[in-house]
1. Return the pair list, or none, for Cβ contacts closer than 8 Å from residues in the range 261-275 that are within 18 Å of Ile294 (Cβ to Cβ) to residues that are assigned to a helix (DSSP H, G or I) and among the acidic types (Asp, Glu), at least 6 apart or on different chains.
2. Among the residues of the range 98-108, is any open to solvent by 20 Å² or more (accessible area, probe 1.4 Å), more than 16 Å from Glu58 (Cβ to Cβ) and hydroxyl-bearing (Ser, Thr, Tyr)?
3. Please list, ordered by residue number, the helices (runs of 4 or more DSSP H) wholly in the range 292-406 having 2 or more residues that are within 32 Å of the chain's Cα centre (by Cα), surrounded by 19 or more Cβ atoms within 10 Å (Cβ to Cβ) and not basic (Lys, Arg).
4. Take the residues in the range 697-723 that are over 38 Å from the mean Cα position of the chain (by Cα) and part of a strand (DSSP E or B); name whichever of them is surrounded by the most Cβ atoms within 10 Å (Cβ to Cβ).
5. Taking the stated definitions as given, is Asp690 more than 34 Å from the chain's Cα centre (by Cα), charged (D, E, K, R) and open to solvent by 10 Å² or more (accessible area, probe 1.4 Å)?
6. Considering each of Leu267, Leu196, Leu221, Leu216 in turn, give the residue that is assigned to a helix (DSSP H, G or I), touching a Lys or Arg at 6+ places or on another chain (Cβ under 8 Å) and at pLDDT 70 or above.
7. Just give me the residues in the range 503-519 being buried (at least 17 other Cβ atoms within 10 Å of the Cβ), at pLDDT below 85 and not acidic (Asp, Glu), in sequence order.
Amino acid sequence: MVDASVDLAMAHAASVGGIPDELPILPIRDIVMFPGTVMPLVVGRPPSMRMLETCLPESKVIGLVTQVAAEVEEPTPEEMYTVGTAAVVLKTIRQPDDTISLITHGLHRIAIKKYTQADPFFLAKVEPIAEQLQQDKKLEAAVKNLRETSMDLIALTPTAPEQAQTVIINIDGAGPLADFLAANLNLELEEKQDLLEEPNVRKRVRAVQLAVSRQLEIARLQQKINDDVQSTITDSQRKFYLREQLRAIQKELGEVEPGTTEQIDELREQLNEAKLPEAAMAEAERELRRLESIPQASPEYSVILTYLETMAELPWSVESDDNLNLDRAQEILDRDHHGLDKIKRRLIEYLGVRKLNPKGRSPILCLVGPPGVGKTSLGQSIADALGRSFSRMSFGGIRDEAEIRGHRRTYIGSMPGRIIQEMRRCKTRNPVMMLDEIDKLGADFRGDPASALLEVLDPRQNGAFVDRYLDVPFDLSQVLFIATANYMDPVPPALRDRMEVIEMPGYTDQEKLQIAKRYLVPRQMKEHGLKRTHCKWGVDAIKLIIDAYTREAGVRSLERQIGAVCRHIAAKVAQRKYRKVRAVDEKLVRQTLGPQKIVREGALKTTQPGVATALAYTPVGGEVLFVEAAKFPGKGSVQLTGHIGNVMKESVHAALTLVKGRAKKMGLDADAFSKTDIHVHVPAGAVPKDGPSAGVAMFSALTSLFTDVPVRSDVAMTGEISLRGLVLPIGGLKEKTLAAMRAGITTVIAPALNKKDLPEIAPEVRKKLKFEFVENVDDLLRAALQERKTR
């Protein structure tokens, strides 16, 4: 509570000899200073501290004015109220954190007439505001009522100081009483400022009376609620005591609470049928004995009952029979997915091992690839091929470790983790469980879910997985876990080490065509209610959508565009505008989807020196990038633009150093670099780019720029460079070559150490692209530049 020392105020008011016409102004935040009140302030802003150090030695009187917005660090005169309080500084204390603590006493309301100085601190012309006071019986009655109401409020406020009532009794005058209460009431800042700006004492007393009455009503309601809660608790204790007496009487008479024995016997029978392991059964028996001794009305009764029901419903020994017919499994996989030969082969191998060793551990697979290539849908097909139940859990955005391990039963509303919940839903101990988007896991103060998965995805440990809710081991060794991710970089190394990573590259245009014909078009026609008598899709129409309306590694966007055409046809059929089979050709596609949306990179090719084509790998597949370099007279500085990351920036500097070191060999003037500024830009500036694999493109672009020899427009390149001129290996070559083929590139330059990855590239891509494998930058320039000028 703000103090009100009237005698001290009069003494200091007399000592300062009135209020000067010009005062230094101290902006204050979140508080309003009222006359007659003593208030501590903490000053930390440099202008305010400078004002105190400059003005306090000459005069202790300052102006305190409240900011309109508390978050503004350096307010302007327009961002402060025009009415404040002249105050005297009683005491200053410099704190260890370089702030100054003030004890101030409000003297009089002041109006800010004009700011005469804003820097280094505020000075303003001020005018004291005279109070409008007309003493009569009505005002006397209002003051008396205000005093009594405020005393009642203090009596109902536990946090009010003991001396608060004494202070209110000893305050003389309507204005000082209203100001004291206004300073201590829990009001909004704007309400307090309105009270400060009100010169009419009668209106001020009335406004404070309304505020005190409002808070008194709230305090009385809170007191009533507290009394009701106390009586409820007392009543609950009485009922519990009577219920315990009734239970004792029933026990003496040989009677029990209705339904208790039947319910417990039924639970025990369910637990026996579930065939729990020995440790789990011992825990269940212990909880059953506790359940028998607890009244049904007890909150703990329902907690134990839910726990035992969960234990009884888990598939401790229930196991589905695997379909070990390898030919049948291959047929199902081929039916649902086109291509993906490596994954299908791995699954058939697993079934072969399972056939020879039925009790062997299940592998932990991780499918990595760009969006839309069929990772998630493949999980359902694998479950169908094996004849198992399927469960999918999306891990995108999960940040709580308890989502995996469950909550301890000590918490209200606790439940098992998602792994155990899915096992309960699948009703078998060997389902196919897909952990979708495992690279999107997060971590915060609630723990790290990725660390919790280490036990789940370790074949050596998950045979005794302990969920915190169950608190007994559960066997997950027969579960076939399949994780999916777009990118492995965010996955912790320890978790990555526990999984068998299988990469799923993007599809070629020919594969997309086959997928559209076999899966996407029939599915979209079915979803839109179309039959073969309504429309017939042509191959050229599908190719046009692939080339002109989609650019992706997967087929999600392709399916959306096919769906848009089907939607258009469905509307026409419903309006009876198509009475015959409508052929879906290129004309109809353009009419429905509008102008071409995708401009292939081939249209951006140029023969201008200083431009090279690079291949990049992103979480959504391969991409083609253009590296552009320009030079102009300067002082040898390098400017980099295009939203490129730190690693790519370092590649530019390494490439430039390599060009400078080889200047003589290339017939360049070494001194020219110090007189030339270089600007390197990678278009698509809104898209972040990073990584070292654009190093060869950076070097080629800079060499082309200084030698005035264009880079071949039909060539795209990838590779990291070293200061020794070596071309180092990179990753993602499959995805990059797919992007090159889509862009119309004919030749790909790659590091010689990546030649081993060539067999993994699709035959269609190897057939259409020519590969140049280079060991150093000399090989690179011979393959990349159109010609070499001699000087």
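1. Ile264/Glu292; Leu267/Glu309
2. Looking for residues that are open to solvent by 20 Å² or more (accessible area, probe 1.4 Å), more than 16 Å from Glu58 (Cβ to Cβ) and hydroxyl-bearing (Ser, Thr, Tyr), one finds at least one in the range 98-108, hence yes.
3. Fully inside the range 292-406 and qualifying: 375-386, 402-405.
4. Filtering first and then ranking leaves Val711.
5. Criteria not met by Asp690.
6. Only one candidate qualifies: Leu196.
7. Met504, Pro505, Gly506, Tyr507, Thr508 - these are the residues of the range 503-519 that are buried (at least 17 other Cβ atoms within 10 Å of the Cβ), at pLDDT below 85 and not acidic (Asp, Glu).
Let's see how each residue does on (1) closer than 26 Å to Leu367 by Cβ; (2) surrounded by fewer than 18 Cβ atoms within 10 Å (Cβ to Cβ); (3) in contact with a strand residue (DSSP E or B) (Cβ under 7 Å, 6 or more places away or on another chain):
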position: Val521; (1), (2), (3): yes, no, yes
position: Met525; (1), (2), (3): no, no, no
position: Thr533; (1), (2), (3): no, yes, no
position: Lys536; (1), (2), (3): no, yes, yes
position: Lys543; (1), (2), (3): no, yes, no
position: Ala553; (1), (2), (3): yes, no, yes
position: Arg560; (1), (2), (3): yes, yes, no
position: Arg567; (1), (2), (3): no, yes, no
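The values are calculated or read from the model by the stated rules, or taken from the named source; none is laboratory data. The structure displayed is predicted, hence computed values, not measured ones. All Cβ positions, glycine included, derive from the backbone under ideal geometry; neighbour counts span all protein chains shown. The accessibility values were calculated without ligands, DNA or RNA, using every heavy atom of the protein model including side chains. Shrake-Rupley method; radii C 1.70, N 1.55, O 1.52, S 1.80 Å.
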